[in-house]
Each structure stands twice: as structure tokens, then as C-alpha cells.
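One structure below.
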Amino acid sequence: MRNRLHVYVLPDDELRSTLVARQSVLEGVEYCSVQPEPYLHATVQQFATAAEEVSPEEVEAFTERLALLAEDTEPFSIELGAPVADQFGLGVRGALSPEWTRLVDRVREAAAATVNKGRPMPAAPFGPHVTLGYGIADGSSDQLQRESDLLATEPIPALKVASLHFLGVHQDTDAGTFTWDATVPFELGASRVSRR
């Protein structure tokens, strides 16, 4: 699948570096992919449409709403736990917070009136998370969890939600990776910063 529209939060350099170190447990694991370092992300919302399925006017309307939403949202952070292995892969998770829930709800509302209009909205993510690798075959999540736990020397830095990225995502189901060509970033709290 190419160019499916999403809104992501991208990890900062500190978090990215720590996550890459934790991905070393996936080297040589045939049943779990390694998400490429430049494309580590936390999904705010995926949409039912690809870039070529929406009009320029719908994209413009969504980006205008996303920009206003971002300006009206203060940056916040989400504490992340140690990596968790399950049947879907290996990743780090944060607890739901009012700030995250409000952000997801507002992105969904903006998309429902624009780029996802007339189509069922995909479910919201189960919570804030960054996936290190996706399951691509049958294998032992218990073994992966044990090996991951052996790397738990330092705590995982928080996910800093300081900007949103609107992008068309390319999913390679065989390789178990998500990539994209470019992002359109929207800085949170930008209007308040510019007035200071």
C-alpha cells in the first residue's frame, strides 16, 4: 500500500537513539522486522484514503484545520515503558492521557470533514506507542520479550509531542516496514511562541 494518509508524531533524537539501541534485539530474528531508524513514529491516526484518492481542496482544508489544531495545542510529553513483545511485534507504549486523547479526537474530527469524508474512519490507535519491529511470520513473542528485557539498562526517554506530521505512508507487508517520502510538519503551540 502506497501513500495512505496518516498523521504521526516523530521521536526526537534522544528517544530515537535509545530506540535504535533497543532494536538490536531484533537482529537475526526472522519473524519480526526492524523498522528503519528514520521512519520510527507514533501514529496519531491513519485514514482510509491514499494521497491520490483525495482532491487538492480536501488536502488544503485538512492541512488548514491541522495547522489551527497544532497552534491551539501545547506541547506535551508521554512517559514510555520498556519494550513489549506481542503477536504484532515489539514496541514501546505510553499510557493514554487527556492531552493525547484530545489530540487524536481533534485530528479525527478534522479528517472526517476533509480527507476521510464519506468513508469509515479507521480505529484510533490503542494508545501512544512506537513500534520497533513488526511481526512478519509466526514466532515466539515470549522469547523476544525475554531477550528484550536483558537490554533494559536505561529507561526509555519520553515521547515529546511537539509537532505533527501529515504524510503519505508506504507499507511493505513482506518486509514489515512503514516508510514515506516527505512530511508536512505542524509545530504545536506555534502561534503562542510567535507572540512572545
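Just so it is clear, none of the values below were taken in a lab; they were calculated from the coordinates. Just so we're clear, the structure is a prediction, and the values are computed from it rather than from any experiment. FYI the Cβ positions are ideal-geometry reconstructions off the backbone, even for glycines, and counts take in every protein chain you see.
Details
- In Hz, Karplus ³J(HN,Hα) per residue of region 126-134 (6.51, -1.76, 1.60; θ = phi - 60°; x = Gly, Pro): 5, x, x, 7, 10, 8, 8, x, 10
- The sum of -39500 (n - 2.57) across all DSSP H runs of n ≥ 4, divided by the residue count of the chain, sets its helix-only mean residue ellipticity at 222 nm to -9000 deg cm²/dmol.
- Scanning residues 5 or more positions from VAL161 or on other chains, those with amide H under 5 Å from its amide H are PHE76, SER77, ILE78, with H placed 1.01 Å from N in the peptide plane.
- C-alpha long axis of helix 13-23 to longest principal axis of the chain, angle in °: 40 degrees
- The phi torsions of region 39-45, fed into the Karplus equation with coefficients 6.51, -1.76 and 1.60 and a -60° offset, translate into couplings of 10, 5, 7, 10, 6, 7, 6 Hz, rounded to whole numbers, with Gly and Pro shown as x.
- The local environment of ALA67, defined by Cβ-Cβ distances under 13 Å, has a net charge of -3 under the rule Lys, Arg +1 and Asp, Glu -1.
- Candidates LEU26, LEU90, LEU132: whichever shows maximal mean-square fluctuation once the chain is modelled as a Gaussian network with Cα springs under 10 Å: LEU26
- The local environment of LEU96, defined by Cβ-Cβ distances under 13 Å, has a net charge of -1 under the rule Lys, Arg +1 and Asp, Glu -1.
- Using the Karplus relation 6.51 cos²θ - 1.76 cosθ + 1.60 with θ = phi - 60°, the per-residue 3J(HN,Hα) values for region 76-91 come to 8, 10, 10, 5, 10, x, 5, x, 10, 9, 9, 5, 9, x, 10, x Hz, with x marking Gly and Pro.
- Cα centroid separation, region 40-113 to region 120-162 (Å): 17 Å
- Using alpha-carbon coordinates, inclination of helix 98-112 to the longest axis of the chain, degrees: 60 degrees
- Taking the average, over residues, of other Cβ atoms within 10 Å as the packing measure, peptides 38-50, 10-22 rank 38-50, 10-22 from highest down.
- Percent RCO, i.e. relative contact order, over region 126-196, from Cα pairs under 8 Å lying at least 6 residues apart: 30 percent
- Sorted largest first, the principal axis extents computed over the alpha-carbon atoms of the chain equal 48, 39, 25 Å.
- Relative frequency of Cα-Cα separations exceeding 15 Å in region 14-61, percent: 63 percent
- Neighbours of SER163 by Cβ distance under 12 Å: Lys/Arg scored +1, Asp/Glu scored -1, total -2.
- Using only alpha-carbon positions in region 16-131, the gyration tensor eigenvalues give semi-axes of 29, 18, 13 Å once each is multiplied by 5 and square-rooted (largest first).
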